[in-house]
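Derivation of every value follows stated rules applied to the coordinates shown; laboratory data play no part. Since the model is a prediction, treat every value here as computed from it, not as a measurement. Note: ideal-geometry Cβ built from the backbone for every residue, glycine included; neighbour counts use all protein chains shown.
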Amino acid sequence: MACFEIKPFWHDEWRLIYNLKFKTHTTLWGDLFYTQQFPRVYLQLLKYFTEAFHYNYFSLRVPAFLVAVASVFLCWYLMNRIFYKDSPVKFLFVLILLSSNTFIEYFVQTKHYEMEIFMSLVALWQCLEIIYWDKKCSLRFLSISVSLLVAPFFSYTYPIAIAPFFIIVLFQFFTIKNPNRYLLFFPVLASLCGIALFYYIDVAQLMADEEMKLFWKFRMMSEGGGWLKTFEKLWGFFAKVGAGFVFEIVFGVLGIYAFYWNVRRSICKRSAAFSASHLIICYAIGVIIVSIFLFLFGKLPLGEPKFNCFAVPALALLIVKTLEAYLQKEATRKYAVFIAVVIYLAVIGNIFSSMINTFTLPEYAKRMTIYHATEKAIATAQKNKLPILVTVNVAFPDDLNSYMPGMEIMSAASVLKTFPAYDVQQAIPVYSIEKMATAHLTADSLHLPSYIAGDGEHYRLISKE
């Protein structure tokens, strides 16, 4: 999918690609076209990379792919540090992440959600480093501080994922009897500075975007939503770790129970007896509690997978820790084995079925037809220096005429310009038309002697000369 042109782009990507192609490095720090928001440092790096390859298919696909692969390796590393060496369920930590809705859907997409997942794993790693700190001011300790300073600039949800870090540092400071414990405030200071700078140069722009506020409004907890709507969104926060109706029920029930069970166990645990393992569990609990509080105060939407993907590692951690504890007890071992086997089969099946569905749905065939036909039409138009007239069907099956509150509607012409074949340097004119039957009227009004007109699937060269 990253190297071969077998995955067409869609509206979630068109909006960002348009900014990459038609915004300069300087203007990327201002308002973005089509109600887009994207961590700007990461966006700048993406611009440099895609620009170097003239925004071809590979350059638009491979960044998200590389970040996703990095997430797998980091998740595997964390798995071996967090769970028992011989644990038969520890691999679920990686598989739950791999099978999650957002990870699969955005695996090679030109969006920032794979980076949101990766940075949530980075936050977990940073907390582990503090939990297992060797009480010395080592080079590794310095690298953690630097990572805490830089990390916020790559993810909007990272500050939520790192929030429990500050409680863990305080706990370590008051429980570690070591004169070097004051060094713990260096990573705290680095993190606070990084988050403050990120807010000042990036998040402040997002907060001032009135269109974005309107777009997010109906996703937040509203006064008129009622308890039923609140419960639905809270349920979605846990359930949508799974993809599909059956998996949502499995992860909804299991996720809520694992959260409840670990909270109860942590409350019953005396603070003096807290081990590194329990601090890790407290981190995961903290991420979920912070997320729920932000939702209740109208600052974070819950229940939509891509907006909550930062919480998947925390939820996976609690589920696996619960199964580990149940496997250690004779009375509950058989139940834990049964649940573990079901989840193993479910997540592996979900990964394969999601990939198969991607390439077998009729919608996919239609998109590929449009993609290849439009790429060919663009190449012909650029070779002959001809304008293109195109209908909204170039965006099938995404109806560009549908209205979403706060979302600026793209034109058919704008969508066509996001295709990899469209050369920004040549900048051939592209015009939106309502239907093919009226293409000649638009051409006459624009005084076009020759042009290419199409509806996404079919294009034809028209010349009056």
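Assuming R0 = 41 Å, what is the FRET efficiency of T380 and V41, from their Cβ-Cβ distance, to the nearest 0.05? Before the final figure, lay out the partial values.
Working: r = 38 Å, r/R0 = 0.93.
In this case the efficiency is close to 0.60.
When the charge dipole of the chain is built from unit charges on Cβ atoms (+1 for Lys and Arg, -1 for Asp and Glu) and taken about the Cα centre, the candidate among I160, I6, A427 whose Cα reaches farthest toward its positive end is I160. Volume of the convex hull of the chain (Cα atoms only), normalised per residue: 160 Å³. Measuring between alpha carbons in the structure, the pairs from K229/K299; K23/K376; K240/K306; K111/K366; K233/K306 lying more than 20 angstrom apart are K23/K376; K111/K366. Computed over region 371-463, the convex hull of the alpha-carbon atoms projects to a mean area of 6.2 nm². Straight-line cross-link reach from K177 at under 17 Å between alpha-carbon atoms covers these lysines, not counting any fewer than eight positions away in the same chain: K135, K136.
Computed from Cα atoms alone, the Kirkwood hydrodynamic radius reported for region 235-319 is 13.3 Å.
Highest-first packing order for the peptide set 235-241, 207-213 is 235-241, 207-213, based on the mean count of other beta carbon atoms within 10 Å. For a quick check of your reading of the filter: which trypsin sites (Lys or Arg not before Pro) in region 32-116 sit in a DSSP loop and have no more than 11 other Cβ atoms within 10 Å? Passing both the DSSP loop test and the Cβ count: K85.
Given R0 = 51 Å, the distance between the Cβ atoms of L228 and Y84 translates into a calculated FRET efficiency of 0.80. Using Cβ point charges alone (K and R +1, D and E -1), the dipole size of region 371-463 about the Cα centre works out to roughly 360 debye.
Grab the beta carbon distance between T438 and M207, set R0 = 51 Å, and tell me the FRET efficiency rounded to 0.05.
On the way: r = 43 Å, r/R0 = 0.84.
According to the calculation, E is roughly 0.75.
Helix content alone sets the calculated 222 nm mean residue ellipticity of the chain: runs of n ≥ 4 DSSP H residues at -39500 (n - 2.57) each, divided across all residues, give -19500 deg cm²/dmol. Between I176 and H54, the simple label model (points 7 Å from Cα in the Cβ direction) yields a spacing of 5.4 nm. Over region 256-384, what relative contact order in percent results from Cα pairs under 8 Å that are six or more residues apart? Over region 256-384, the number comes to 20 percent. In summary, the aspartates and glutamates within cross-link reach of K464, defined as a Cα separation below 14 angstrom excluding same-chain residues under 8 places away, comprise D444. Annotation for D134 and L461: the two label points, set 7 Å from Cα along the Cα-Cβ direction, are 7.0 nm apart. For the chain, the residue among I249, L192, L318 whose Cα projects farthest onto the positive side of the dipole built from Cβ charges is L318. For region 11-360, a crude dipole built from +1 on the beta carbon of Lys and Arg and -1 on the beta carbon of Asp and Glu, taken about the Cα centre, is about 1040 debye to the nearest 20. Summing Lys and Arg as +1 and Asp and Glu as -1 over all other residues whose Cβ lies under 13 Å from the Cβ of K90 gives a net charge of +1.
Within the set of other residues whose C-beta is less than 14 Å from the C-beta of S445, count the net charge using Lys and Arg as +1 and Asp and Glu as -1.
Working: positive: K464; negative: E434, D444.
Charge balance in the 14 Å sphere: -1.
Selection among L95, T27, L121 by position relative to the dipole of region 7-160 gives L121 as farthest towards the positive end (Cβ unit charges, Cα centre).
For K329, go through the lysines and keep the ones whose alpha-carbon is under 19 Å away, minus same-chain ones fewer than eight residues off. Partners within reach: K85, K90, K269, K321.
For region 48-63, the residues whose amide N sits under 19 Å from a probe point set 7 Å from the Cα of H372 along the beta carbon direction are 57-58. Beta bridges from DSSP with both residues in the chain: antiparallel share about 45 percent, rounded to the nearest 5. Of the chymotrypsin sites (Phe, Trp or Tyr not before Pro) found in region 311-396, none is in coil by DSSP with at most 14 other Cβ atoms within 10 Å of its Cβ.
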